[in-house]
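Since the structure comes first, as structure tokens, the remarks are kept for the end.
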């Protein structure tokens, strides 16, 4: 298993299914998934979404605060949404977390989580570059860095 991310089977009874995705995201992923935007200045370059059939459930292992032991992590389950990026690895770049009813991004290098505030997929599609770029320099109007301590269950 990758220390910070592992794919989980959607068929397992104790795991999530795509039925937990919001209806607008389900419709988008089942459709043509075309993005009509200018990718100029986008940190990850051009990107595309998985089809609904290809979206996978993933466990994201998020580190806690720096004063916590380095042996444990917070296991957060969600869906990895991006299939390809021209300038970056797509894994964890845009995720949906059903338990939070939120979109976000998981940074595997730093084992950290960013959540977008009150966002729907249709709102994301209006200005996707702004949301993606908020991962590198959090835009307090749309994103927040999440401290998992007290919010999620610690593992290990």
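All of the numbers you see were taken from the coordinates with simple rules; none came from a lab. Keep in mind that what you see is a predicted model, and the values were worked out from it rather than measured. Every residue, glycine among them, receives a Cβ derived from its backbone with ideal geometry; neighbour counts consider all protein chains shown.
What the table below lists for this structure:
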| item | result |
| --- | --- |
| P(r), alpha carbons of the stretch 70-117 - 5 Å bins starting at zero, rounded % | 5, 20, 31, 24, 14, 6, 1 |
| Packing rank of 93-101, 36-44, where each peptide gets the mean count of other beta carbons within 10 Å, highest leading | 93-101, 36-44 |
| Simple spin-label estimate for residue 139 and residue 153 in nanometres, 7 Å along Cα-Cβ | 3.5 nm |
